[in-house]
């Protein structure tokens, strides 16, 4: 039987709401909506003190992380940035809406909807590729906080990818997961001599 070495608790938080929620943001830097003070306090109240804070390099996650950390005892003054935690790159579609692309008759939409996990938008990346880079980031960061807590402020796509890793879901199935702004997903990575195993505590928990 495998001996348990340590449990590293991953606290995944999606960034705060966007000013234009129907726009395909992807890896573009876009503005947040007015800060939801009450919701942020409720989310921060569930976060642990003295954790390692991570965020994608995009402004919407860094701003969310910095404001949440200010509400948590011993929160980080600035999160560690990792580009592997960025949202899926939607290429030429960034800044548009799906409704607008449909109305314009974009020829890339039908093959994308036929396989939304495996097909990359024009000049972008696939969700499958995102899942690979998020798994790499989780494997790299987990030993740095082994036995402790990692608070990762990221995007809907990477959080779906993290749940897929924990539950051994295919990328296509992971796309069915809802991830609301400022929601909390808690995934525990348990190190054993046979390799890591996962316990899923919460997914998309909202205040």
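A compact table of results
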{"quantity": "Residue check, residue 118 touching a residue at least 40 places away in the same chain (Cβ under 8 Å), surrounded by fewer than 22 Cβ atoms within 10 Å (Cβ to Cβ), farther than 21 Å from residue 204 by Cα and in contact with a helix residue (DSSP H, G or I) (Cβ under 6 Å, 6 or more places away or on another chain)", "calculated": "yes"}
{"quantity": "Residue match in region 143-156 (condition: under 14 Å from residue 24 (Cβ atoms), in a helix (DSSP H, G or I) and within 13 Å of the chain's Cα centre (by Cα))", "calculated": "yes"}
{"quantity": "Checklist (1) out of contact with any helix residue (DSSP H, G or I) (no Cβ under 9 Å at 6 or more places or on another chain); (2) crowded, with 17+ Cβ neighbours inside 10 Å; (3) closer than 30 Å to residue 122 by Cβ applied to residue 66, failing item", "calculated": "(3)"}
{"quantity": "Qualifying residue in region 91-111 (condition: surrounded by 17 or more Cβ atoms within 10 Å (Cβ to Cβ), under 21 Å from residue 186 (Cβ atoms), in contact with a helix residue (DSSP H, G or I) (Cβ under 9 Å, 6 or more places away or on another chain) and at pLDDT 95 or above)", "calculated": "no"}
{"quantity": "Hits in region 129-142 - residues which are in contact (Cβ under 8 Å) with a residue 60 or more places away in the chain and either at positive phi or over 12 Å from the mean Cα position of the chain (by Cα) (or both)", "calculated": "141, 142"}
{"quantity": "Of residues in region 157-196 being in contact with a helix residue (DSSP H, G or I) (Cβ under 9 Å, 6 or more places away or on another chain) and part of a strand (DSSP E or B), the one surrounded by the fewest Cβ atoms within 10 Å (Cβ to Cβ)", "calculated": "188"}
{"quantity": "Region 19-31, residues that are under 14 Å from residue 157 (Cβ atoms) and touching a strand residue (DSSP E or B) at 6+ places or on another chain (Cβ under 8 Å)", "calculated": "25"}
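So that you can scan it fast, the table gives a plain yes or no per residue for (1) closer than 30 Å to residue 117 by Cβ; (2) modelled with pLDDT of 95 or more; (3) touching a helix residue (DSSP H, G or I) at 6+ places or on another chain (Cβ under 7 Å); (4) surrounded by fewer than 18 Cβ atoms within 10 Å (Cβ to Cβ):
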| residue | (1), (2), (3), (4) |
| --- | --- |
| 5 | no, no, no, yes |
| 14 | yes, yes, yes, no |
| 57 | yes, yes, yes, yes |
| 76 | no, no, yes, no |
| 80 | yes, yes, no, yes |
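The values are calculated or read from the model by the stated rules, or taken from the named source; none is laboratory data. These figures come from a predicted structure and were not determined experimentally. Reconstructed Cβ throughout: ideal geometry from the backbone, glycine too, with neighbour counts over all protein chains shown.
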